[in-house]
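Read through the structure below, which is laid out as C-alpha cells, and then see the notes.
Derivation of every value follows stated rules applied to the coordinates shown; laboratory data play no part. No experiment lies behind these values; they were computed from the predicted model shown. Glycine also receives a Cβ, built like all others from the backbone with ideal geometry; neighbour counts cover every protein chain displayed.
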C-alpha cells in the first residue's frame, strides 16, 4: 500500500515524496517496486520515459524518521494495531512542524483513539484509500472527535488534487465501506461455516454483476486485514458481525 500511495502522490503533485520503513533493506525493496511499477506504466503506454524519470526522481526513501522534519503532509500505512499507530504518531509529532497534516490510512481503527497520544490532535484525520489505489477513486475522510475543521478542509482539497472522490464519514468502526462489505462477508462466510459448498456460495451473486466474487475480493483485500476489520466490528456490534471460524482459522 505504501508504494501505491507514494506513486499516486508523485503522479498527481509536484512534491518530493519520502518513503519510510523499519530498515534500509525494506526501504530499498519499496523503491525497487516503485521503479518496477513505473516501468510497467511505460511498457503499457500510460506514461513516457521522460515522465517516468521525472516521477521516479521525486520519490526517495529513508529508514530515519528524523528525515520527515520538513514534510508538510505525512500519511501512515502501518499494521492495523492501535498501539503501533500511536507509536508512529508519538514519534512523528516530535519531528514534524506544527502545521504538518497527519493522515491515517486505517481501514477500521478509531481516529479519536489514535489521536489520544498527540499534543495537537486536531491535525490528525482519517484518509482511507481503497486497493488498488491508482484505480479506485473513493477516499473516506474520517473526522475524529478532535479533528479541526481546517484539517478536514485541507484533507478534502488534497484528495481532490490527487484526482480522488472524498467522502466525509463518521469515526465509527468500519466507517462506511468496510461496514457494508463486512456484512456481505459475514453472510457468505456463515453459509460456508454451516457446510455449504464454497464455490456455490461464492457465485450466488453472479447475476448481480459485481466486479468480482466475494471470496475473490476477500483474497484481494487479504484475509488477515479482513479478519482485523471483522474483529473490530464484532467488538462493536457482536450480534450484527459474528466472527467466522473459516476466516480466523
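Neighbour counts of C-beta atoms inside 10 Å place 111, 73 in the sequence 73, 111, starting with the fewest.
Please say if the range 1-63 is rounded, prolate or oblate, where rounded means a/c under 1.5 for a ≥ b ≥ c the square roots of the C-alpha gyration tensor eigenvalues, and otherwise the choice is prolate for a/b larger than b/c and oblate otherwise? It comes out prolate by the Cα gyration axes. The stretch between residue 83 and residue 183 holds 33.3 nm of extra length on full extension. This uses 0.36 nm per residue minus the Cα-Cα distance. For the range 65-170, the square roots of the Cα gyration tensor eigenvalues, ordered a ≥ b ≥ c, give a/c below 1.5, which places it in the rounded category. Taking a ≥ b ≥ c as the square roots of the eigenvalues of the Cα gyration tensor, an a/c ratio of 1.5 or more together with a/b no larger than b/c marks the chain as oblate. Legend: calculated FRET efficiency, residue 69 to residue 112, from the Cβ-Cβ distance at R0 = 45 Å, rounded to 0.05, equals 0.95. Available extension along the chain between residue 1 and residue 190 is 65.1 nm, counting 0.36 nm per residue and deducting the alpha carbon span.
If the chain linking residue 172 and residue 204 were pulled fully straight, counting 0.36 nm for each residue of separation and taking away their Cα-Cα distance, it would gain 8.5 nm. With neighbour counts taken as other beta-carbon atoms within 10 Å, the residues 196, 98 rank, fewest first, as 98, 196.
At an R0 of 35 angstrom, the distance between the Cβ atoms of residue 40 and residue 119 translates into a FRET efficiency of 0.25.
Applying 1/(1 + (r/R0)^6) with r as the Cβ-Cβ distance of residue 248 and residue 54 and R0 = 51 angstrom yields a FRET efficiency of 0.65.
Ordering 127, 156, 220 by the number of other Cβ atoms within 10 Å of each residue's own Cβ, fewest first, gives 220, 156, 127.
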